[in-house]
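Reading through the structure tokens given below for one structure.
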Amino acid sequence: MAHSFKGELWAGQADDGDAPRPPRRLIAVGAAAVLLLAGGLVVAAFDASGQIDRAALVEETRRAERALEILADDGTVSADDVNRISEDFLLAGARLSAQPAATEEQASVPLPATAVSAAQRHLVWTPHRLGRETFLTLAPRRIILAALVLVIIGAILYWLHRITSELDRHRLMARELASRDALTGLANRLSFEEALRRDISNGAAFALFYLDLDGFKLVNDTLGHAAGDKLLVSIGMRLTQLAAPGDLVARLGGDEFAVIRRVELEPERLAAFARDTIIELCRPHALGDSELSVGVSIGVALPHAETAEALLSQADAALYRAKALPGPAFVFAERAERSAGARSAA
């Protein structure tokens, strides 16, 4: 009986590129935005304090000039006049000087031309820095408040990161489970077909081995399904041991297995691998206190077909002819047959 094998992809399965990704970039952007916002608030507050100080300096300068105009009517500005300017016009530390203000912490205006002397040419005072004082007074509170806000937002972002990381882990686990056979741990039909289509589309060199156990139904009927499951697990382990790194071993369902062979693709090497596989799988399998031997038939196909379905049909036809031979056997698909034709492994 020919074993048809044309399974379709599970409709719910998506490629890795289509799977939703956790918004880690969004979280990073959010954290950066919060830090920029906090820094922007500090810069804005500092700039606002500077504007207040500059406005206050303009007003103090205007008062100083007006005071000098009033007090210089008699042509001189005395020390008492400077004291009156300091007290009445609220110019802290007002004094006369031959030089203008030398630092940013001081301000100055020139004396009127009628009151200028050789030693006293400028009125110098220390301007009030109301904006700076306010900023320095409120800065600790703002820093503490901003720190609390950042801590809260950071905790929220960390919590979101933990959740998204956990969701990502579960997504990967779900995909891994969806691509694995639950009983043997081998690749399942879904991941096998994906790999086969990918290899064909990429023009990769490989050979397809399509295996079917002989007499497996009798094992289930006589020894029970538990014994049959143990046998399938043993078959899967032996196929994995026979496979080379890079090969794909899959259980397609029931007692059907497949191997995508990607090394030693010369016909003689492929025939040797098929023969070794049959010999290994036909050795007795330990099933608890007893041992059991089964046969195996193999159809081998090379990627001459343009589609996975066509290649599987060739391997299925070769398997059908192998099962018609006496005892365990393997057969190459028509396009890959050599002069030896169908060969028995007995």
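The values are calculated or read from the model by the stated rules, or taken from the named source; none is laboratory data. Just so it is clear, the model here is predicted, and its values are computed rather than measured. As a convention, Cβ positions derive from the backbone with ideal geometry for all residues, glycine included, and neighbour counts pool all protein chains shown.
Does residue 184 satisfy the condition of being under 22 Å from residue 273 (Cα atoms) and outside the structural domain of residue 264 (by TED's automatic domain parsing)? When the stated conditions are applied, residue 184 passes them. Of all the numbered requirements in (1) within 60 Å of the chain's Cα centre (by Cα); (2) at pLDDT 70 or above, residue 26 misses one, and that requirement is (2).
Restricting attention to the stretch 186-214, and to residues there that are small (Gly, Ala, Ser) and surrounded by 15 or more Cβ atoms within 10 Å (Cβ to Cβ), which single residue is nearest to residue 334 (Cα to Cα)?
Here the answer is 207.
Residues in the stretch 157-166 that are without any contact (Cβ under 8 Å) to a residue 12 or more places away in the chain and either closer than 14 Å to residue 32 by Cα or surrounded by fewer than 10 Cβ atoms within 10 Å (Cβ to Cβ) (or both): 1 in all.
Looking at 180, 175, which one is on the phi < 0 side of the Ramachandran plot, without any contact (Cβ under 8 Å) to a residue 60 or more places away in the chain and surrounded by 13 or more Cβ atoms within 10 Å (Cβ to Cβ)?
Sole residue among the options that is on the phi < 0 side of the Ramachandran plot, without any contact (Cβ under 8 Å) to a residue 60 or more places away in the chain and surrounded by 13 or more Cβ atoms within 10 Å (Cβ to Cβ): 180.
The requirement of being in contact with a Ser or Thr (Cβ under 7 Å, 6 or more places away or on another chain) and touching a residue at least 60 places away in the same chain (Cβ under 8 Å) is satisfied by residue 187.
Selection within the stretch 215-235: residues that are surrounded by 14 or more Cβ atoms within 10 Å (Cβ to Cβ) and among the β-branched types (Val, Ile, Thr). The member of this set that is nearest to residue 257 (Cα to Cα) is 235.
Is it the case that the stretch 251-273 has a residue that's out of contact with any Lys or Arg (no Cβ under 6 Å at 6 or more places or on another chain), over 28 Å from residue 309 (Cβ atoms) and of a type outside the set (A, V, I, L, M)? Looking through the stretch 251-273, at least one residue is out of contact with any Lys or Arg (no Cβ under 6 Å at 6 or more places or on another chain), over 28 Å from residue 309 (Cβ atoms) and of a type outside the set (A, V, I, L, M). Kindly check whether there is at least one residue in the stretch 311-329 that is in contact with a strand residue (DSSP E or B) (Cβ under 9 Å, 6 or more places away or on another chain), acidic (Asp, Glu) and modelled with pLDDT of 90 or more. Yes. Within the span defined as the stretch 89-112, every residue fails to be exposed (fewer than 13 other Cβ atoms within 10 Å of the Cβ), part of a helix (DSSP H, G or I) and modelled with pLDDT under 75.
Listed here are the helices (runs of 4 or more DSSP H) enclosed by the stretch 166-266 that have at least 3 residues being of a type in the set (Val, Ile, Thr): 225-242.
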